[in-house]
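Taking it in order: structure first as C-alpha cells, then the write-up.
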Amino acid sequence: MPAHSDTPALHFARRLAARADALAPPLTDADRVRAWPRDPVGFAREILGIQPNRAQRRILTAFLPHKRVATVSGHKVGKSTALAILALWFYCSFPAARVIVTATTDRQVNGIIWREIRRLVRGARVPIPGGRDIHVRANSGLDDPSDFSEIRGYTAKESEAIAGISGAYILYLVDEASGVAPAIFQAIEGNRAAGSAWVFLISNPTKADGEFYDAFHSKAIERMPAAGYFGIHVDSRESPNVTGEWRELEWWDRERGEWRPYDAPIPGLATPEWVAEKLEEWGEDSPLFKIRVAGEFCAAEDAKVFQAALIAEAEGRWETAIAAGRLYIGVDPAGDGDGGDQSGFAARRGAKVLELRARAGLSPAAHVAEVEDVIATAGARSDTLLPVVLVESEGEAGWKVYCALRDEAAAHGRFQVVRVRTSDRAVRQPLIYDRVRDEIWAAAREWVRAGGAIPESAQLAKDLHAPEFYSDIRGRQKITSKRDLRKLLGRSPDVGDAFVLSCWEPMSTRVDIETPPPRRDAEADDDAIGERLHNPFRSHEWMRGGRE
C-alpha cells in the first residue's frame, strides 16, 4: 500500500467524480438563475435574497396561470419591489426574454422602478447575467450577452419605443397604469397579436376609466374568461407592518451569508400609525381614503374640480419639478380666534409649489411676519422681481390682514400686494363662471393640468378633492360654497384656498406694466385703488407661457 495519501480508493473516487462531471457538469451560476421558470417566489428567495410577503406572493404566483394580470392597491404595499422581482424573474427564466417596463413619468421609471431593479441586482445572492454592466438609465437597461435577454424601461410618452417589439417571450410591466395613455395599451395589444406577450398592470385606483379600470370591470376575467385580466386587490392594511407579518419574515444578510429575522417593522411599507393618520384626516368613507389606503375605485369623480388622479399626478411631479421665476404667495387669512380655522399660506415659483403652511390665531401683524418668513425661506429677497402676495380680503379679518400687508409693502417695498375679493362677479370669463372664486379654482386646475407640481400634503389633497363644479340657473359654473365645504371637511379649506390664490397671476405683476406705488391716503377708496393698480382678474401668465 502506498505510503502517501493517494490511495487506490481516493484515486478511484477522483476518476468516478470526473466521469460524473463529464456526464452531468456541475451547476453554474447561470444554471441556478434559470432554474425557476415555474417559481418566481423561489427565485426571489434563492436568487435575489428577498422573502416576499403574503401580498407580494399573491402577485408573483398569479402570473403563472394567466397572461394578463392587474393589481389594484393602496399606497406603501411593496408593489414596486414585486414589479422588480417579476422583471428579473422573467428575464432570467426564459430564453431571449424581453421585458418592457413603463410608467407615466421618468421619475417613476428611473427613480423608483429601475432603481429597485438595480438594487436587487446588486444585492442578489447569485449573480444576475449581465448585472455587472447594468446601466444607470432604464432605456439602456440590462442585457444578458449569452442569450440576448433584456430589460428596458420607457415612460408612457414613448409609445414608439414600445410598439413593434417581437419575440417568443415578452413581458410588459405597466406601473401607475391608471394614468397611462390609451396609445400605450394599443401598442401593447398590437405586440400581443402573436400570442407570446404577457401583460402586468399595477396602480392605485386613481381613475374610474381607461384600460386599468376596465381590467377590473368590462375586461375582467369573470366577464372574459378566455382573454380577460386576472385581478388582484391589495389594501394598505395588508402591509406586513400592519398585520404583524413582518415578525415572520427574514432578510438576507450578505455580509454574514445568512437569513436573519426582522427586529423592527419593514422600512417603506405602510404602518398602523400611517393608516390611523389617514383614517383620521380623511375618514373611512372618503374617496381619498378609499383610493389611497383601501385601494378601491371611486366612480363619482367627474364633477370634482380636482379629481384624485389629478392630485396624485401633481404630487408625483413635485420632487423633479423645477422652481423658476417670480415668487407668488397665496394668503387665506383667518382671524385670531376665528372658530378654530387656520390661516393658509402657499408659496409658488413657476410650475412648483414650494411650501404650504397653516397657522392658527395670527394677528394681522403676525400674518405680515409669516409672509416675510415665507419670502426668506424661498430665498426671494435677492430676486430681481418683487414677490407677489395675493390676499383673500373677504370679511373683516381678511380686510385687516390686507391692510397690514399693504402698509408694510408701501413702507419697505419688499413685496407687492394684490387684494382678491372672491365674491365679486367673474371678470376673466363671466359667461362661463359666476364668481371670481369659481375662476380662481378653475385657473388653479388648469395650472395643474399644464404640469404644475404640489407637495404631498393630506390637508391640501383633502381641500382640493372636496369641491365640485355645478351649473347655476344661468348655466354658469359654480364651485361648492365655503359653507358646504365646512360641513364636508369639518373646517374651512384654508390651505386649498391659499394654494389656488398662489396660482392666480394678476396682469399688474407683469414686468412690462408700470405700477405706481400704493397710496397711503387713509381716506382713499381702497376698492378703487386695488382695481386700478392691482387688477387680479386677467389672463394667467404662467399658462400662456409668458416670461417674467
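Values quoted throughout were computed directly from the atomic coordinates according to the rules given, and no laboratory measurement underlies them. Model, not experiment: these values are computed from the prediction. Here the Cβ is made from the backbone with ideal geometry for all residues, glycine too, and neighbour counts use every protein chain on show.
A viscosity of 1.306 mPa s and a temperature of 10 °C, combined with the Kirkwood radius over Cα pairs in Stokes-Einstein, give a translational diffusion coefficient for the range 148-206 of 133 µm²/s. What the Cα atoms of the range 388-430 give is an Rg and a Dmax of 11.7, 36 Å.
For THR384, THR105, THR28, THR243, which order do you get if you count the other beta carbons within 10 Å of each Cβ and list the fewest first? Can you show the working numbers first?
Working: THR384 7, THR105 19, THR28 10, THR243 15.
By the 10 Å Cβ count, ascending, the order reads THR384, THR28, THR243, THR105.
Between the residues ILE184, TRP114, ILE232, the greatest Cα displacement towards the positive end of the dipole of the range 29-253, with unit charges on the Cβ of Lys, Arg, Asp and Glu, is found for ILE232. Using the Cβ-Cβ distance between SER140 and ASP484 with R0 set to 60 Å, the FRET efficiency works out to roughly 0.70. Per residue, the convex hull spanned by the Cα atoms of the range 235-339 measures out at 229 cubic angstrom.
Per the Debye calculation on the range 109-196 with a single equal scatterer at every Cα and no solvent contribution, log₁₀ I(q)/I(0) for q = 0.19, 0.25 Å⁻¹ amounts to -0.96, -1.32. Taking the longest Cα principal axis of the chain as reference, the axis of helix 395-412 is set at about 90 degrees. Ranked by how many other Cβ atoms sit within 10 Å of their own Cβ, fewest first, the residues ARG449, ARG349, ARG256 fall in the order ARG256, ARG449, ARG349. Length, then width, then depth: along the principal axes, the Cα atoms of the range 150-267 run 48, 32, 28 Å. Computed as a quarter of the hull surface, the mean projected area of the alpha carbon convex hull for the range 29-253 stands at 11.5 nm².
Under 16 Å from the 7 Å Cα→Cβ point of SER363, by amide nitrogen: which residues of the range 384-406? Answer for this model: 397, 400-405. Label positions at ASP214 and ALA163, each projected 7 Å from the Cα along the C-beta direction, are separated by 1.8 nm. When the trypsin sites (Lys or Arg not before Pro) in the range 88-166 are filtered for DSSP coil states and for at most 13 other beta-carbon atoms within 10 Å of their beta-carbon, the remaining sites are ARG137. Rounded to the nearest 20 debye, the dipole size of the chain about its Cα centre is 1560 debye, using +1 on the Cβ of Lys and Arg and -1 on the Cβ of Asp and Glu. The stretch between ALA376 and ARG474 holds 30.7 nm of extra length on full extension. This uses 0.36 nm per residue minus the Cα-Cα distance.
If you put +1 on each Lys and Arg Cβ and -1 on each Asp and Glu Cβ, how big is the dipole of the range 415-476 around its Cα centre, in Debye rounded to 20? Roughly 240 debye for the range 415-476.
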